[in-house]
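One structure is given here, and the rest of the page talks about it.
The values are calculated or read from the model by the stated rules, or taken from the named source; none is laboratory data. Quantities reported herein were computed from a predicted structural model and do not represent experimental measurements. Here the Cβ is made from the backbone with ideal geometry for all residues, glycine too, and neighbour counts use every protein chain on show. When the accessible area is computed, the model is the full protein with side chains, heavy atoms only, and any ligands, DNA or RNA have been set aside. Shrake-Rupley method; radii C 1.70, N 1.55, O 1.52, S 1.80 Å.
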Amino acid sequence: MNTSELAINGGTPVRTELLPYSRPLVEDEDKKAVQEVLSSGWLTTGPKVEEFEKAFASFVGTEYAVAVNSGTAALHATMSALGITKGDDVIVPTMTFAATANAVVYQGGTPVFVDSDAGTLLIDPTKVEEAITDKTKAIIAVDYAGQPCDYDALQAIAKKHQVKLIADACHALGATDGGRTVGSLADISTFSFHAVKPLATGEGGMITTNDKHLADHMKQFRNHGINSDHHERHKTGSWFYRMDFLGFNYRLPDILCALGVEQLKHVPNWTARRQEIAELYDKSFAEIDGVTPLGKRPGATHAYHLYVVNVDGLSASRTDIFDALRAEGIGANVHYIPVHLHPFYQEHFGTKEHQFPNAENAYEHILSLPIFADMTNEDTADTVKAVEKVCAAYR
Ligand SMILES: *Cc1c(COP(=O)(O)O)cnc(C)c1O
């Protein structure tokens, strides 16, 4: 095949309408639940918050869940609950979204970056242990793309060095490891309900834990550090409240909690559909030279927030392949620019290029291909067709 047939060079595209890499799905019953709460008199701090928290805790199998208004707020509340402050180090993978590391910085702590496994792009437990010092207070593991990290290995390291283990599970709602549900695998787990995430309320987040003390702190943290919220005072008929420490307004409104309650019910089916699409992709890409899906951990199930491939051995760069796929109507994306390469971290924390070879090498080669719950088999076939076409042209 000839490069002149590519859409980017004026050829006919595989699709005329761009297939996005992700898209939220809101079902009719989800809309109805939002309609109902709009007439309930409680738009925020009402009964839907607790209902969503209870349902979520029960879904992941923890004692407590605390709703907040973003995944970033969930990470920030976690850092506050663990008492992270100036002089404390928190280990984070560089292959993640910036928010994971930013949460440490909000509290005055220092994110200590570590590299990922080249095959799975999950944080490498050996590198984690090497990075631990007297200043280390916690480890944040990121379930990159939706695949849980090796929490048995990480938990053993955390126990041995007496540091807390946090799962940034923003990609992984619905996944399991060794039969246990994501959300219950670390001391604290955080989730995001941003529009592209496995459960979408537009913006939103959740924190899960079995530790009552931590859960109580995080509830107070999301409400300015105040010891009771409007709903609790309404129930007891009291006006008095006390601000014990500096918190934020990180509350998730009842409107979004109502949407969350309904979305959560869809998660098992939606996850199964993503896994089905991933399996179709895996089979097809095994036959195409130039693209290789990321590695999988044995014993774990994958939530496939992202479907990531490595692009290699072609006469064009990943960026050229990205542009060519876009022209074919396939909305590829790149997750992520390693956090230590961002100017903010280079300026303030002295991070440098060539520090983390696996993450940096991956960054040159990865592409996220479209995957979402209501993607059809035709959409999936279009992606495969476009990848095949573009790879063939640059082989
Ligand atoms: C989305 C995401 C966040 C931040 O969540 P928001 O809800 O957008 O604030 C944090 N960590 C990871 C890994 C994410 O993917």
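Here the range 117-155 is the region considered, the condition is being closer than 16 Å to residue 300 by Cβ and among the acidic types (Asp, Glu), and the residue that is surrounded by the fewest Cβ atoms within 10 Å (Cβ to Cβ) is 152.
Quickly run through the range 281-298 and pick out the residues that are open to solvent by 60 Å² or more (accessible area, probe 1.4 Å) and part of a loop (DSSP other than H, G, I, E, B). Across the range 281-298, the qualifying residues are 286, 287, 289, 296, 298.
Restricting attention to the range 169-196, the residues being crowded, with 24+ Cβ neighbours inside 10 Å and in a loop (DSSP other than H, G, I, E, B) number 12. In summary, residue 303 fulfils each of the numbered conditions (1) away from the ligand (no atom under 16 Å from the Cβ); (2) under 27 Å from residue 387 (Cα atoms) with the single exception of condition (1). If only residues of the range 215-229 that are under 28 Å from residue 154 (Cβ atoms) and open to solvent by less than 10 Å² (accessible area, probe 1.4 Å) are counted, the one that is farthest from the ligand (Cβ to nearest atom) is 215. Would you be able to say whether some residue in the range 7-18 is more than 16 Å from residue 205 (Cα to Cα), touching a Ser or Thr at 6+ places or on another chain (Cβ under 7 Å) and open to solvent by less than 60 Å² (accessible area, probe 1.4 Å)? Scanning the range 7-18 turns up at least one residue that is more than 16 Å from residue 205 (Cα to Cα), touching a Ser or Thr at 6+ places or on another chain (Cβ under 7 Å) and open to solvent by less than 60 Å² (accessible area, probe 1.4 Å). Among the residues making up the range 220-242, those that are touching a residue at least 12 places away in the same chain (Cβ under 8 Å), in a helix (DSSP H, G or I) and either over 14 Å from residue 66 (Cα atoms) or not assigned by TED's automatic domain parsing to the domain that holds residue 49 (or both) are 230, 231. Scanning the range 56-88 for residues that are of a type in the set (Ser, Thr, Tyr) and within 15 Å of the ligand (Cβ to nearest atom), we see that the one that is nearest to residue 45 (Cα to Cα) is 70. Can you find even one residue in the range 104-116 that is of a type outside the set (S, T, N, Q), in contact (Cβ under 8 Å) with a residue 24 or more places away in the chain and open to solvent by 50 Å² or more (accessible area, probe 1.4 Å)? Yes - at least one qualifying residue is present in the range 104-116. Among all positions in the range 183-200, there is at least one residue which is more than 16 Å from the ligand (Cβ to nearest atom) and touching a residue at least 60 places away in the same chain (Cβ under 8 Å).
Could you tell me how many of the residues in the range 156-182 are away from the ligand (no atom under 14 Å from the Cβ) and under 20 Å from residue 268 (Cα atoms)?
Residues that pass the stated criteria total 7.
Just one residue in the set 303, 327, 316, 278 is at pLDDT 95 or above and crowded, with 23+ Cβ neighbours inside 10 Å; that residue is 303.
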